[in-house]
Each structure stands twice: as C-alpha cells, then as structure tokens.
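Only one structure is covered here, and it is reproduced in the block below.
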Amino acid sequence: MASTTTLEPTKAAPGGRRAKARSPESAENRLGWKLAGPAVAVMLLVTAWPMLRALYLSTFSYRLTDPDNREFVGISNYGVVLSDSLWWRAVGVAVFIMVVTVAVELVIGFAFAMVMNNILVARGLVRASILVPYGIITVVSAYAWLYAFQPTTGFVNQWLHLDPGTNLFDDFWGSIFVICLAEIWKTTPFVSLLLLAGLSQVPNDAIEAATVDGATWTQRLTKVILPSMRAAIMVAVLFRALDAYRIFDSPFIMTGFANGTAPPSGLVYNAMIQRVELGLGSAMSVLLFLSVLIIAFGLMKLFRVDLSQVRGD
C-alpha cells in the first residue's frame, strides 16, 4: 500500500532572512532613511564644502590683501595657533561660559518644565509666556542686556542701588557675568521645552507605584523621574553645550571681545574679517570645528543613552 505524504508549507526560521526583512523595525528604518536621506545629503553638501575649503586654505600663509604672496606652509598655521596662549585663553572662556550657562539652564529649565507639565489653569498662556525670550533674536537680546547694564542710562544700577559710575563691562568677570546672564535668559526656554518633552515620557504608573511605596518627592525625582528623562537631558545638554561653546553674538555686541572675553569664534572673526588672514583664520575655524566634535563625542560617551528613548521605543 503506497504511503501518502502530506506537503506542508515550509516555515521560515524566526531568525531567517525573510522574517528579518519583514520586521517592522527594519521597515521603519528604511522609511526613515527615505524621508530624511535627501535632507541629510543637502546638509552634508552645504557644510562639507565650507569645511573642505577652510581645510585647504589653512595650509597656506594667505592674506586677502596680498594674494600674490600666498605660500604653502602645510600645518604650520595649526602650530602657530596651538602654541599661542591667546587661543587657549579663548577656549577657557568658551568652556567656562558653556559649563555655567548649561548648568543653570538645566536647573531653571527643569523647574519651568515641571510648571508647564503640571499646571491646570491657562496652560497655553503659561507655556507661551515662558517661551517668549527664546523667540527674541540673539542680537536684540544682547543689546537689551547691554543697555540694561549701562552705568548712566541702564536700570540695573538703579535697582541694585549701585554707584552711577559702576560699569560691569570694565573688567573680565563683570563682562562674563552679564554675558552668561544674557545667555541664560535667552536659551533657558529652549532647555525647558526639551525637558518638557522628556517629562511626557515618564510613566505615571512608576510614579504612582513609588508614591504608594512611601517614596518622598525627592526620592521620586531622583529614582524615577530623572532616570526616565536621561535621554531628553542628554539632548538638551548636547544642543546647548555646543551652542554655548560656539558663542559669538553676545561677547561681540557687549564687549567687542575686549577684557579677554573673546571666545574661539571671536578669534576666527578677528583673523578672517579684521586682519583678512585667511590661512590663519581657516586653521582656527578647523580647530573650532574639531573641538566641537570632541565635546559632542565626549557628552554622548558620558551619558551613554540610546536616543531612541526620546520617542519612547
């Protein structure tokens, strides 16, 4: 008697190519690249050409007013910049502004985010009011703070009952104080907006469970809320740290880079625009770009956070 065999459809292994190719995650990644790919390509093209041009010019001793005497010097311009104490002083100024402003903005921004997240009355009005400073152009904000601290016409000296001749812009620390104050006032709403997005990712069940277990508000904050917001905090710190390190507008308007308040971007401006030394200025701009990359890489390694947590994956 002939035996009959039943033909059953072959099932693909769970880890096989077919299952992997049809996984929702891979399909989502491909869709993401299709949507973001053109914009990424344009951004790379726009940013790559200036950087390559700056890298090329940095290998020359090149003054715009004397183009016939352009001379190839290799990496000598980098040696001149890195051996100059003025460059390292500028880096120290930028790092100081970055650390102080980001730290203060995180604290105040988190408080604002908590208010915007928990308020029940006029929520839209409160959020709009908090975000107003961020909508003001940086140049306008810098001029406003400059006029506010003028010794004769500014209102700060009157409010603090200071001597009419007191001018904070006469020394380094006074100038840095006003610059940091202007940056904090201007960009704290941006930090609060990012932290507000992080607060929305905190699971309410975990907070309620901690409350039932008798955890205090401080314990809920440090054990539940902040760990759940780690990715959003990293994004806020990363964006603001890079922006603060590249500061230019406020020192330029308030002090004109006097009293030693020039950041690296200020030295690039002086070399490229004031003295039209394209070779030396290009070397500074390349070093500024590399230092920004180092800061970004260091912060990402410090937090060790998967950015997909921001969207709740």
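The values are calculated or read from the model by the stated rules, or taken from the named source; none is laboratory data. As the structure is a prediction and not an experimental result, all values here were calculated from the model. Glycine also receives a Cβ, built like all others from the backbone with ideal geometry; neighbour counts cover every protein chain displayed. Just the protein is used for accessible areas: all its heavy atoms, side chains included, with ligands, DNA and RNA removed. Shrake-Rupley method; radii C 1.70, N 1.55, O 1.52, S 1.80 Å.
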Percent accessible area from carbon and sulfur atoms, the range 83-310, protein chains only, probe 1.4 Å: 68 percent
Quick calc, TYR143 & ASP163: beta-carbon distance into FRET formula, R0 22 Å, rounding 0.05, result 0.40
Can you check what the Kirkwood hydrodynamic radius comes to for the chain, Cα pairs only, in Å to one decimal? 23.8 Å
Determine, for each peptide in 213-219, 165-171, the mean count of other beta carbons within 10 angstrom over its residues, then list the peptides with the highest first. 165-171, 213-219
When the helices in the chain are scored as -39500 (n - 2.57) per DSSP H run of 4 or longer and the sum is shared across all residues, what 222 nm value do you end up with, to the nearest 500 deg cm²/dmol? -20500 deg cm²/dmol
Which ³J(HN,Hα) values, rounded to whole Hz and listed in residue order, are derived for the range 216-224 from phi using the Karplus coefficients 6.51, -1.76 and 1.60 in 6.51 cos²θ - 1.76 cosθ + 1.60 with θ = phi - 60°, glycine and proline given as x? 6, 4, 5, 5, 5, 5, 7, 9, 10
Find how many whole Å separate the alpha carbon centroid of the range 76-97 from the alpha carbon centroid of the range 219-273. 17 Å
Suppose each label sits 7 Å from its Cα in the direction of the beta carbon; what would the GLU28-ALA103 distance come out to in nanometres? 3.8 nm
Residue-level accessible surface for ILE108, protein heavy atoms, 1.4 Å, Å²: 70 Å²
Pseudo-spin-label distance ALA258 to SER129, built 7 Å along Cα→Cβ, given in nm, is 3.9 nm
